[in-house]
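First the structure, in the form of structure tokens, and then the observations on it.
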Amino acid sequence: MATITTRTLLFLYCSTQALGLSQEAANLARGRIFEAVSSPSGKLTISPELVIPDPSDPTAILLQTNAINTLSGRIRTAKANAAWITGGVSAISTFAGEQEAARGGFPGPVPLIFCGNTNNDDIAALAEAGASGVTVPVCGGTELTSLEDLSGEWTSICQTCVDAGIQPIPEVTLAGALAENLGEDDVESLVEQLSTAAGMDPVAVLLTMNPLASDNEDDEDDDSRDEPVPLPSIPKKLGKKIPILGSVRVTAGQNRLTTESQRLKQAGFTGVVLRSDCVPGFRLNPDLDVVGLFWAAVIGELKSTRSKSFEFNSRNNMEKSMGAEWAKYQTNVIESGALGDPNDSYSVVDDSVGEYKGFA
């Protein structure tokens, strides 16, 4: 009969404790992400993607640290719902540290979601750096042309994330033709397949829609590439249980971001992730100060124009004739009797003495 040594018992105890702490951290991360990207009121949640390049020398590292802190503060002050970051572990740690320092203040910290290339070996480091979630490209990010193409090869990283104390967020890339034909029942089926494959309900699902394939892809003058991407129909009851987020990848300008965001809202999406494609210019090596100012302006504009999604009729009183309105007002006052009977006549002068008589 095997004897259980004190060392074995200690190892089992420590393992159990570590597992419990990881599960507690994962639950905390889940709560923060869900609270940030869900929308009980029905308003569209707005989160930007930030590309932070790796610095090449010690001086650049020091300068970038200050730039990341400034960027983090601007994203929080703009009241973004979450920050989706592509960058190194050092950048994640700096950004998360600045956000955590704001805990207890207003506006409070936003959850950080890593959306760059990763594998199982990177997850623990990202969790330690302060990330709350990691995007997991379904099927390696391959464009899906059919729901039957959904495979489970991506699912191993999901459990690794939970074990490390952070949340996996599946990202599904849909071909334009597939997105165009996905109804509410199809989207429910898609999310159910994701949940079954991962062994858990995801805290959120990110859908990235590609444009419809063009028959004239070699024609540089083909305008079909500028057409809005097709969108699936998202059932409202699903979005309340699992937030369904959509990627926005149009370049800023000419009100395109507002228009595209409202299209997603009308299709039933819970929120939008404004991808780095929206930033004008060369986005792979950006000036973080410019990027921060850009996103602060964009997020502020989108949040201030949400009321534009509500359609109502209003009457503009300034279009009325002021002369006609004044005449109507005088008629109403006279007819109300406030000035007495218009048929009665009063003399304000005493004819006998030539003095002022006044009103009787």
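The values are calculated or read from the model by the stated rules, or taken from the named source; none is laboratory data. In this text the structure is predicted, and so the values were computed from the model without any measurement. Positions of Cβ are generated from backbone atoms using ideal geometry, with glycine treated the same way; all protein chains shown enter the neighbour counts. Surface accessibility is based on the protein's heavy atoms, side chains included, excluding ligands, DNA and RNA. Shrake-Rupley method; radii C 1.70, N 1.55, O 1.52, S 1.80 Å.
Side notes on the structure shown:
- Surface composition of region 93-221: carbon plus sulfur atoms hold 41% of the accessible area, using a 1.4 angstrom probe and ignoring ligands, DNA and RNA.
- Residues with amide H under 5 Å from that of Thr86, placed H, sequence gap 5 or more: Leu50, Val51, Ile52, Cys115
- FRET efficiency estimate (nearest 0.05) - Cβ-Cβ, Gln159 to Val89, R0 22 angstrom: 0.55
- For region 49-62, backbone phi angles converted through the Karplus equation (6.51, -1.76, 1.60; θ = phi - 60°) give residue-by-residue couplings of 9, 10, 9, 10, x, 6, x, 9, 8, x, 5, 5, 4, 5 Hz, Gly and Pro being listed as x.
- Calculated accessible area for region 20-140 comes out at 45 Å² per residue, all protein chains present (probe 1.4 Å; ligands, DNA, RNA ignored).
- FRET efficiency for the pair Glu143 and Thr331, taken as 1/(1 + (r/R0)^6) with r the Cβ-Cβ distance and R0 = 56 Å, rounds to 0.20.
- Centroid-to-centroid separation of region 61-121 and region 221-281 [C-alpha atoms, Å]: 23
- The label point for Lys240 and the one for Ala177, both projected 7 Å from the Cα toward the Cβ, are 3.7 nm apart.
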